[in-house]
């Protein structure tokens, strides 16, 4: 089981290799991106800020399409409507109803081993939320710069 794999310390369970690591993807091809987690995290964040207008998250595809439509209306006008039209069918088709969660101690081990990845995810999620809030405030006729 996954739990046994983590508890026995097998590296395959950690998913820290380049092919499975979004942090390394956003960091770049320099060897430091796979060798030094702290530098990799800092560079990945810097690259997101410098090179990506929008980075979405799977947990909020509706919000992702909303921000695409607002930021790039010439390319993505109606994207959110198309997503919403197909969302119900997609969710039922790909829903995993038999999901089993690992015990908390296994989750704690993985959070520690993947600390930089969790940090990066929180960073991306915060940017996503900030951008959505900005556009929602604009839609409501409010000053988007004020909290």
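For this structure, a couple of remarks:
- Region 10-39: number of residues that are at pLDDT 80 or above, part of a helix (DSSP H, G or I) and either over 26 Å from residue 56 (Cβ atoms) or touching a strand residue (DSSP E or B) at 6+ places or on another chain (Cβ under 6 Å) (or both): 2
- When the test is whether a residue is in contact (Cβ under 8 Å) with a residue 40 or more places away in the chain, surrounded by 15 or more Cβ atoms within 10 Å (Cβ to Cβ) and either closer than 23 Å to residue 134 by Cβ or under 20 Å from the mean Cα position of the chain (by Cα) (or both), residue 38 does not pass it.
- Residue-level analysis places residue 80 among those that are part of a helix (DSSP H, G or I), more than 14 Å from residue 124 (Cα to Cα) and either modelled with pLDDT under 90 or out of contact with any helix residue (DSSP H, G or I) (no Cβ under 9 Å at 6 or more places or on another chain) (or both).
- Filter result (more than 19 Å from the chain's Cα centre (by Cα), in a helix (DSSP H, G or I) and either in contact (Cβ under 8 Å) with a residue 12 or more places away in the chain or surrounded by 10 or more Cβ atoms within 10 Å (Cβ to Cβ) (or both)) within region 88-120: 90, 105, 106, 108, 109
- Lone unmet requirement of (1) in contact (Cβ under 8 Å) with a residue 24 or more places away in the chain; (2) over 14 Å from the mean Cα position of the chain (by Cα) for residue 125: (2)
- Among (1) at pLDDT below 85; (2) farther than 21 Å from residue 68 by Cα, the one test that residue 117 misses: (1)
- Residues located in region 49-69, provided they are part of a helix (DSSP H, G or I) and surrounded by fewer than 16 Cβ atoms within 10 Å (Cβ to Cβ): 49, 50, 51, 58, 59, 60, 62
The values are calculated or read from the model by the stated rules, or taken from the named source; none is laboratory data. Owing to the predicted nature of the structure, the values given are computational and were not obtained by experimental measurement. Please note: Cβ atoms are built from the backbone with ideal geometry, for glycine as well, and neighbour counts cover all protein chains shown.
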